[in-house]
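A.B. asks: First, the structure itself, so that you have it in front of you.
What follows draws every value from the coordinates through simple rules; no lab data is involved. Treat the numbers as computed from the prediction; the structure is a model and nothing was measured. Ideal geometry is used to build each Cβ from the backbone, glycine not excepted, and the neighbour counts take in all protein chains shown.
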Amino acid sequence: MIMDQTNRNDFENAPTKPRIVVVGGGAGGAELVTALGRKFGREMAKVTLVDCVASHLWKPRLHEVAVGLISPGEDAVPYLALGQANNFRFQMGALTGLDVANKTISIAGIARADGSDLVGPRNIPYDTLVLAIGSEVNNFHIEGVNEYCHMLDSARQAEAFHRRILERAIQLSEGASGDLRIGIVGAGATGVELAVELYHAIDAMQRYGGLVGSRRLAITLVEMAPRVLANSQPRTSAFAERALSRLGVTVRLNASVTRVTAEALVLKGGEEIPCDLKVWASGITGLSVAGQLGFQVNKNRQILCDSFLRCEDVEGIYALGDCAAVLDPKTGNQLPATAQVAHQQAAYLVKVIASSHQGGSVAPFKYRPMGSLVSLGPQSAAAELPAPKRRFITFSGALPKFFYDSLQFLHRAALLGRVHAVALALADLLRKTTTPPVKLH
């Protein structure tokens, strides 16, 4: 995008370049900082991205990393390269503090593999600050969750889970007794998609690697709500439950986990579900640092924001995505923590930040629900799309799966441009013809 000449002169004649800092390179943060860099360029503003890891991986694909269907390296976008191509600077480090009076943030240092400091802690000044620091899985203070459950918040966690699956599959293939028993707590989109993809991944391990197959796979999905995908339409839940049933996944509804041990999930009432591997995918909460920065936060440690996405009672600081608590004026409810919401908020904040530096104004943020898509395997997905005369239309099959896959294409296009997105899509297709569909290492 190109600014008109009047606005360009406003920026060039400013005493100093506006310093715009975005903390967090998730779905919303990465799209925001890329759009800001393209809009302002290096001459008109100093745009900086801060993140604690070196590359961006689209979070909706983490369940595929967890089962070995993709490698993080195949889909990760290095922030240094993204910044060089889109006129922003990348600073690596975890957010540790905020000085509102002096308009600086503090970030942690970077450690070498041996634990010594590569780069020490730093302070980064800002004129406009956007927090897109994301969230983490909510353990609800249940005993044993952190010790014995895998989380799927990052590529590192997803890869660790895949290694454990592969190790157990090798043990069973070499004559170990029993089955590969996996317990998943939480039957939202992450839990359902993970359960489905696990079946297909284990099947592929047998076909392409000669390891144990899905006949020795026992997946139990535990959900405290009365149906899977409880926030979706009942028909969508029914689609998902039928898909899970066809694969032999045991679904335990209206069931609460009260404790986790090394051997099992313990339900309310004392019943135990034996599991070799356990995944906790039940709800999210804000990062602990969100409650240490001086902002007003809700009970889930999400930062309270007004209808312009401004952090309440603080000037020049905005928040978006999972870390932000923003009310929908239509319903009075908090907006959901989804990539769809973060994408719309990122596009909105580009306009807000440009207008704030140009002395203009914009209308409050308005969320437009575009429906939802849940993958139900390599060839199928369930869809809910808004309809003019009724709230949603629901359907499943190959067409929703095409829509689901297109979401990644659109995200890639937002970061890398359409030409690169098309090239990567073709590369993905070619890779599938020459390599096993699942990682065996």
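A.B. asks: For residue 284, which sequence-distant residues (separation of 5 or more, or a different chain) have an amide H within less than 5 Å of its own amide H, given hydrogens modelled in the peptide plane?
C.D. replies: The list, which skips near neighbours in sequence, is 138.
A.B. asks: Here's something else I'd like to know. Would you mind telling me the antiparallel percentage of the DSSP bridges in the stretch 47-182, rounded to 5?
C.D. replies: 75
A.B. asks: So, by mean Cβ neighbours within 10 angstrom, what's the order for 364-376, 186-198 with the highest one leading?
C.D. replies: Packing order, densest peptide first, comes out as 186-198, 364-376.
A.B. asks: Now for a different question. Calculate, in whole percent, how much of the Cα-Cα pair population of the stretch 201-340 lies beyond 20 Å.
C.D. replies: 64
A.B. asks: Can you give me the convex hull volume of the Cα atoms of the stretch 47-126, divided per residue and expressed in Å³?
C.D. replies: Given the Cα convex hull of the stretch 47-126, per-residue volume reads 123 Å³.
A.B. asks: Percent of Cα-Cα pairs more than 19 Å apart in the stretch 304-369, please.
C.D. replies: Summing the P(r) tail past 19 Å for the stretch 304-369 gives 25 percent.
A.B. asks: Which whole-Hz ³J(HN,Hα) couplings does the stretch 154-169 yield from phi under the Karplus relation 6.51 cos²θ - 1.76 cosθ + 1.60, θ = phi - 60°, glycine and proline marked x?
C.D. replies: 8, 4, 4, 5, 5, 5, 4, 5, 4, 4, 5, 4, 4, 4, 5, 4
A.B. asks: Hey, another quick one. Separation between the residue 104 and residue 16 pseudo-spin-labels, each 7 Å from Cα along Cα→Cβ, expressed in nm?
C.D. replies: Rounded to a tenth, the inter-label distance reads 1.1 nm.
A.B. asks: Can you order the peptides 51-59, 129-137 by their average number of other Cβ atoms within 10 Å per residue, highest first?
C.D. replies: Ranked by mean Cβ neighbours within 10 Å, highest first: 129-137, 51-59.
A.B. asks: Could you give me the ³J(HN,Hα) list for the stretch 429-440, computed from phi with Karplus coefficients 6.51, -1.76, 1.60 and θ = phi - 60°, whole Hz, x at Gly and Pro?
C.D. replies: 5, 5, 4, 5, 7, 10, 10, x, x, 9, 6, 10
A.B. asks: What FRET efficiency would be calculated for the residue pair residue 370, residue 208, taking the C-beta separation as r and a Förster radius of 51 Å, to the nearest 0.05?
C.D. replies: According to the calculation, E is roughly 0.90.
A.B. asks: What would the Debye formula give as log10 I(q)/I(0) at q = 0.14, 0.17, 0.21, 0.26 Å⁻¹ for the alpha-carbon point model of the stretch 233-288, no solvent?
C.D. replies: Calculated log10 I(q)/I(0) at the listed q: -0.55, -0.77, -1.00, -1.10.
A.B. asks: Further, regarding this structure: More than 13 angstrom separation, counting every C-alpha pair in the stretch 391-441; what % is that?
C.D. replies: The share of Cα pairs beyond 13 Å in the stretch 391-441 comes to 68 percent.
A.B. asks: Just for the Cα atoms in the chain, what are the lengths along the principal axes, largest first, rounded to whole Å?
C.D. replies: Per principal axis, max minus min of the Cα coordinates gives 73, 56, 44 Å.
A.B. asks: Within the stretch 217-299, which trypsin sites (Lys or Arg not before Pro) sit in a loop by DSSP and count at most 16 neighbouring Cβ atoms inside 10 Å?
C.D. replies: 268, 299
A.B. asks: In the stretch 290-441, what is the count of Lys pairs whose alpha carbons are under 21 Å apart, counting only pairs at least 8 residues apart or on separate chains?
C.D. replies: Count of close lysine pairs: 5.
A.B. asks: Amide H neighbours of residue 181 under 5 Å, counting only residues 5+ apart in sequence or on other chains, H built in-plane at 1.01 Å?
C.D. replies: For residue 181, whose amide H was placed from the backbone, the distant partners under 5 Å are 218, 276, 277.
A.B. asks: Next question. Using the Karplus curve 6.51 cos²θ - 1.76 cosθ + 1.60 with θ = phi - 60°, what ³J(HN,Hα) values do you get for each residue of the stretch 100-113, in whole Hz, with x for Gly and Pro?
C.D. replies: Listing the rounded values in order: 5, 4, 9, 6, 9, 10, 10, 10, 6, x, 10, 9, 6, 4 Hz.
A.B. asks: On to the next question. With each label point set 7 Å from Cα along the Cα-Cβ vector, what nm distance links residue 156 and residue 263?
C.D. replies: According to this spin-label approximation, the distance is 3.2 nm.
A.B. asks: Computed over the Cα atoms of the stretch 130-203, what is the convex hull's projected area averaged over all directions, in nm²?
C.D. replies: Taking the Cα atoms of the stretch 130-203, their convex hull projects to 6.6 nm² on average.
A.B. asks: What per residue convex hull volume, in Å³, do the alpha-carbon atoms of the stretch 161-223 yield?
C.D. replies: Output value, Cα hull per residue: 72 Å³.
A.B. asks: Right, here's the next one. Given Cα positions, please report Rg to Rh for the stretch 318-441, the hydrodynamic radius being the Kirkwood one.
C.D. replies: Dividing the radius of gyration by the Kirkwood radius yields 1.05.
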